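S.K.: My questions will all concern the structure given below.
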């Protein structure tokens, strides 16, 4: 697949999936929505692995990486869904999408020394987050949210971003052992298992009304398709283009929220989002 097309499709798919999650998670609950999305995504990826005739590497060397990938995805997505339901979506989506900056920090902890451009891009992301966080005050002024509600939402969004970074880092390491598609496939099923364990611990069974399954199926299909688009578009010299475009998925979610939910956005919020997107796109390109 063309690198540009792969990145564009991934951004559209991920951004749309996150927007749908705002409604599914609000209707059936965060855990139930995640269970439905993961189930649909896992089934789709199983079909991909089967039709591509991809073999599984018989190795236990990276089993803990697979577990971390699955568990991290469960926790990160639950936090994201909670943030999206709390709203405002135009605050949550851009902050949750800053995980490439956390990936640089994790690499730093592991002994990797980022270059000057990476430091500058990471600084831009952090500045953008601060601008978006401060601009959230206009929601408080309108009476839509209290200051405490907004602070909690921002904290949840940053936590989701960090957990997505952990998931991505573990998935990249596992991919070197088991293969990219295989890792995504195994990670999805492991994440689904963790979600089922969470439901069992709460002594609950997935209670998803039939009318919400089409939305959850679409959500899972979009999420799985985005991953496949990134993988397909990254095969070759244009991998940086794919990563940069895919990393702008938060902009799609923001635009959808602005159009369909009529969320108001201040000039400061637009500025912060643009700074975040520029920083995230730069980091994604530098890491590819």
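S.K.: Nearest 500 deg cm²/dmol is fine: what mean residue ellipticity at 222 nm does the chain get from its DSSP H runs of n ≥ 4 alone, each adding -39,500 (n - 2.57), divided by its residue count?
M.R.: -27500 deg cm²/dmol
S.K.: Which value in Å is the Kirkwood Rh of region 57-205 over different Cα pairs?
M.R.: Evaluated on region 57-205, it is 16.8 Å.
S.K.: Just need the Rg to Rh number for the chain, please, alpha carbons only, Kirkwood Rh.
M.R.: 0.95
S.K.: Something else now. Can you list, bin by bin at 5 Å, the percent of alpha carbon pairs in region 50-129, starting at 0?
M.R.: Computed distribution, short to long bins: 3, 12, 14, 16, 16, 15, 12, 9, 4, 0.
S.K.: Ok, one more. For the pair residue 113/residue 51, report the inter-label distance in nm, with labels modelled 7 Å from Cα in the Cβ direction.
M.R.: Taking the simple label geometry, residue 113 and residue 51 are separated by 4.8 nm.
S.K.: Moving on to the next point. Taking the Cβ-Cβ separation of residue 197 and residue 267 as r and a Förster radius of 35 Å, what is the calculated FRET efficiency to the nearest 0.05?
M.R.: After rounding to 0.05, the efficiency reads 0.20.
S.K.: Please give the contour-minus-distance gain from residue 2 to residue 278: 0.36 nm per residue of separation, less the Cα-Cα distance, rounded to one decimal in nm.
M.R.: 97.1 nm
S.K.: Rounded, prolate or oblate: which fits region 1-141, taking a ≥ b ≥ c as square roots of the Cα gyration tensor eigenvalues, rounded meaning a/c under 1.5, else prolate when a/b beats b/c?
M.R.: Oblate, since a/c reaches 1.5 and b/c is not below a/b.
S.K.: While we're on this one: State the Cα centre-to-centre distance between region 16-45 and region 119-178 in whole Å.
M.R.: 20 Å
S.K.: Between residue 142 and residue 58, what is the label-point separation in nm under the 7 Å Cα-to-beta-carbon projection?
M.R.: 5.9 nm
S.K.: Name the most mobile residue of 115, 29, 83, meaning the one with the largest mean-square fluctuation, in a Gaussian network model of the chain with Cα contacts below 10 Å.
M.R.: Evaluated over the chain, the most mobile residue of the options is 115.
S.K.: A further question on this structure: With springs only between Cα atoms under 10 Å, which of 160, 13, 257 fluctuates most in a Gaussian network model of the chain?
M.R.: Taking springs between Cα atoms under 10 Å, the residue moving most is 257.
S.K.: Mind sorting 258, 86 by how few other Cβ atoms lie within 10 Å of their own Cβ, fewest first?
M.R.: Exposure proxy ranking, most exposed first: 258, 86.
S.K.: Could I have the simple spin-label model distance between residue 149 and residue 255, label points 7 Å from Cα toward Cβ, reported in nm to one decimal?
M.R.: 2.8 nm
S.K.: When a/c reaches 1.5 or more, the comparison of a/b and b/c decides; with that in mind, is region 125-196 rounded, prolate or oblate per its Cα gyration tensor?
M.R.: The shape class here is prolate.
S.K.: Further question: Among 75, 105, 117, which one moves the most in a GNM of the chain with springs linking Cα atoms closer than 10 Å?
M.R.: Of the options given, 117 has the highest mean-square fluctuation.
S.K.: Could you please rank 125, 166, 43, placing first whichever residue has the fewest other Cβ atoms within 10 Å of its Cβ?
M.R.: So the residues, fewest neighbours to most, are 43, 166, 125.
Values in this text are rule-based calculations from the coordinates and carry no lab data. Remember, it's a predicted structure, so these values are computed and weren't measured experimentally. So basically every Cβ, Gly included, is an ideal-geometry build from the backbone, and we count neighbours across all protein chains shown.
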